[in-house]
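Scroll down for the structure; my scribbles are underneath it.
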Amino acid sequence: MINVKFIMKASMEIMIAVLLMATTGHAIAELYIEDGHVRELIPGATSTAAYMTMRNTGSEPLLLKTVTSPAANRITLHNTMNHNGLLHMMGMDTLIIPAAGAVILQEGAIHMMLEAPVQALRAGDAVELMLHFDNGTTQTVSLPVRSVLEP
């Protein structure tokens, strides 16, 4: 016997999913976060960093404007630069993830600084980051906190 209620419910869920995909923009479906983690907060430190690979499988570049999190009062984008043998961080206003490309956020290069964390971030915790793009979309990711002793 055919379950008509099940078929109607499944049809409605498919229709809602199609409408959501059509109205939320394509950036969320095309950005993949790989190998992401947040570095454990060292006692006494006022900031830590988040690292990941951001892979854009879409045909248009994505422009990351801001990052927010309930775990930190402020998150900024930085790039570590070498000027005459001296390393220092320079703030970045935005980050472009190229079409069909990737940006690697890693120690000693581009990374996210979680400034003034609202609590101690310990290995085994998870940190939620909201990535806000110039096209109005937001993607939320949850990253594990790793010990500073882990590679």
### Summary
The long-range amide H neighbours of residue 125, using H built 1.01 Å from N in the peptide plane and a cut-off of under 5 Å, are 145
### Query
For the range 27-146, what is the Kirkwood hydrodynamic radius in Å, using each pair of distinct C-alpha atoms?
14.6
## Note on the structure
The long-range amide H neighbours of residue 62, using H built 1.01 Å from N in the peptide plane and a cut-off of under 5 Å, are 97, 99
#### Entry: Taking 34, 115 and counting other C-beta atoms within 10 Å, the order from fewest to most
34, 115
### Highest to lowest packing among 54-67, 86-99, 116-129, scored as the average C-beta count within 10 Å
54-67, 116-129, 86-99
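With only Lys, Arg, Asp and Glu charged, each at its Cβ (+1 for the first two, -1 for the last two), find how big the charge dipole of the range 27-146 is about the Cα centre; round to the nearest 20 debye.
200
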### Task
With r as the distance between the Cβ atoms of residue 106 and residue 86 and R0 = 22 Å, compute the FRET efficiency 1/(1 + (r/R0)^6) and round to 0.05.
0.65
### Residue-wise HN-Hα coupling along the range 34-51, computed from phi with Karplus coefficients 6.51, -1.76, 1.60 (Hz; x: Gly, Pro)
10, 6, x, 6, 10, 6, 4, 6, 6, x, x, 6, 10, 7, 8, 10, 10, 10
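Going by how many other beta carbons lie within 10 Å of each one, how would you line up 111, 132, 37, 83, fewest first?
Numbers: 111 23, 132 14, 37 18, 83 8.
Exposure proxy ranking, most exposed first: 83, 132, 37, 111.
We did not get these values from a lab; they are worked out from the coordinates using the rules stated. These numbers were taken from a predicted model, which means no experiment stands behind them. So basically every Cβ, Gly included, is an ideal-geometry build from the backbone, and we count neighbours across all protein chains shown.
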